[in-house]
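Structure, as structure tokens:
The values are calculated or read from the model by the stated rules, or taken from the named source; none is laboratory data. Keep in mind the model is a prediction, meaning the values are calculated, not measured. FYI the Cβ positions are ideal-geometry reconstructions off the backbone, even for glycines, and counts take in every protein chain you see.
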Amino acid sequence: MDLSGAQIRGALCNGSRMRGVELVDVDISGELQNVVVNGVDIAPLIEAELNRRMPERARMRPDDSDGFRAAWAVLERLWEGTLARARSARRGAHGPTRTPGNGRPGDGVS
């Protein structure tokens with residue numbers, strides 16, 4: 001089977017086995033758990049690299065109330081950055097605009 005150039009989106013591949021396959025110039029994005037490549041579980045390696053690139057990412061899996069509070073603070077700060085980029089992009093495309101509310105989820109800003 002030749003899947004060269006295939007774009008696969010939203011697929012479930014749970015329990016899949018691939019033998020004798022060639023993966024060259026492949027881009028994979030999604031949830032990885034128990035992904036074994038040539039006998040090595042690569043999921044923990046991927047998690048470690050993503051956490052290295054964005055240290056706050058590791059805080060998004062808290063196990064106590066203090067951890068949840070810290071995670072929420074990170075989310076609020078990141079959300080503000082996202083809103084600022086969206087406002088900037090909107091101004092660049094359509095000129096200055098007003099945004100109702102405080103820019104937090106559930107305040108009517110979409």
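Are there any pairs with C-beta distances below 9 angstrom linking a residue in the stretch 48-71 that is over 17 Å from Gln33 (Cα atoms) to a residue that is of a type in the set (D, E, K, R) and not in a helix (DSSP H, G or I), with the two at least 6 apart or on different chains, and if so which?
Taking only residues 6 or more apart or on different chains, the pairs are Gly67/Arg61; Ala71/Arg61.
Residue pairs, Cβ under 7 Å, 6 or more apart or interchain, first in the stretch 76-97 and at pLDDT below 90, second of a type in the set (Lys, Arg) and surrounded by 11 or more Cβ atoms within 10 Å (Cβ to Cβ). List them.
What qualifies is Thr97/Arg90; Thr97/Arg91.
For the stretch 62-73, enumerate the residues that are surrounded by 10 or more Cβ atoms within 10 Å (Cβ to Cβ) and either part of a loop (DSSP other than H, G, I, E, B) or not basic (Lys, Arg) (or both).
Passing the criteria: Pro62, Gly67, Phe68, Ala70, Ala71, Trp72, Ala73.
Out of Arg57, Arg19, I need the residue that is at negative phi, exposed (fewer than 10 other Cβ atoms within 10 Å of the Cβ) and either at pLDDT 90 or above or part of a loop (DSSP other than H, G, I, E, B) (or both). Which one? Spell out how you get there, then give the answer.
Working: Arg57 fails: exposed (fewer than 10 other Cβ atoms within 10 Å of the Cβ).
One residue alone meets the criteria, Arg19.
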